Structure formats: C-alpha cells, structure tokens
1. Would you pull out the residues with amide H under 5 Å of L171's amide H, same chain only if 5 or more places away, H placed 1.01 Å from N?
2. Which order do Y220, Y43, Y63 fall in if you start with the one that has the fewest other Cβ atoms within 10 Å?
3. Order by neighbour count: T61, T44, fewest other Cβ atoms within 10 Å first, most last.
4. By counting other Cβ atoms within 10 Å of each Cβ, how are I149, I62, I143 ranked from fewest to most?
5. So how strong a dipole does the range 53-121 carry about its Cα centre when Lys and Arg Cβ are +1 and Asp and Glu Cβ are -1, to the nearest 20 debye?
6. Taking 0.36 nm per residue of sequence separation and subtracting the Cα-Cα distance, how much length would be gained by fully extending the chain between R40 and D173, in nm to one decimal?
Amino acid sequence: MTRRDRRDPTTGGAAGPRPRGGLADKRRAILAGALTVFARDGYTRAGVDAIAAEAGVSTRTIYNHFTDKAELFRSVIQESATRAADAQIEIIDRHLRKVMELEADLVAFGLDWAAQSTAGHAEHFSLTRQINAERGHIPRSAIDAWQEIGPLRVRRVLADRLRVLIGRGLLRDGDPERAALHLMRLVSVTNPSYPGATTPGDDEITEAVEAGVRAFLHGYLS
C-alpha cells in the first residue's frame, strides 16, 4: 500500500500526501491533543478520531503530518520527554552546580524536583505510567527514544553533579550513576510512573523530601 492509498481507519477517507512544509500550528495542536489522549487512554486504546477531536483538526490533517499512530506516538513521547528532561536538568543545575551546604542544597533540589514531577509536567508523567503499563504493545523504538532523550539523559547529568561532590570529598567514593538513581527515587515523593499515584500536600512533600535526603546522606555521606 502506498502512502497516497493509505486509509484513515476512523473515517475511511483517503489520507493525502504529506505536506512539504509549513502548518506548524496544526502540528503543534496535533501533538498537544495526542499527548492529552495518550496520557489519558494509553497507546492501545487511543484512537486517531479522539486525538483529532482533542486537537481540533480532522483525521485527514493528522495523516498529512504523521504516517500512522505509531509515528505520532513516537513524536509525542520524544517531544514531551525532551521538555520534562530539560526542566529537570535546569533544576539539577540550579541547586547542584555550586553546592555550599550539602543537606540544605539537596533538600532544595528535592523540593523543586517533587514539584516538577507532581505538577509541572503531570501530563507527561501520566503518559509514562501508560508506557510502563503497555510496554508489550508499544513500538520498542518509541520506548528506547523516550529513555535516551528523557530519563537516561537526566540521570547522566545528575551523576556528573554527584561526581563533582565525590571529588570534593562531600560524598563517599562510589558509582555516581547508581547514586543519581538512588537520589532521584528518594526525592520522588509521588512516583509519577506508578498507577494510582496521588498528589500529596505541601507539608507531606517537604517531610518526605527531607526524609529522602537524610536517607541518601546516610548511605553516601563521606
């Protein structure tokens, strides 16, 4: 089947050839609508008709921009993961590039990290919950791209900051990659990838982050 002969599975209409350029606003609307639908319904249950309705475009318009649902999903998760990772890296740099008081700076980092995970990019983390629940039904290339662009990139940046702290003698010598993973988990008050996760209150977040930092320092303090 050629691209010109491809049919829209939700309307039966033929999808025209993909445009050579322009239509940036339509593409952004499609990606935003698709993120909402994939985050809510998951990959398998999400329909192109529902995405079109959420985006305010026709299904034909979606197929003018994306070959199929799999390509659209890859684009959504890569763009969403990039935005979330950029925000997390900015938090890492803000608090851990120049550490003056180790525990206080780690707590400040943890509070911003928790806020970003529970509110700043809540839709993205709803999407990651769906990915974890449907791994067997999602194209492997989409999962690999998400991991490389998002979680793995963030972990490497955090590991670099912890490596500097190890070099300064503030943390005991060890594997910075493993330490980064432990720190991220300990300050993630609500695991954004865990089904049924709820958003805690401010006092609960502060208490949990402080406890998480103390646990991290108990294991890694020099």
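1. I166, S222
2. In increasing order of surrounding Cβ atoms, one gets Y220, Y43, Y63.
3. T44, T61
4. I143, I149, I62
5. Charge dipole, the range 53-121, about its Cα centre: 300 debye, nearest 20.
6. 43.6 nm
Only the coordinates and a few stated rules stand behind these numbers; no lab work does. What you see is a predicted model, and the numbers here were worked out from it, not measured in a lab. All Cβ positions, even for glycine, are placed from backbone atoms using ideal geometry, and neighbour counts span all protein chains on display.
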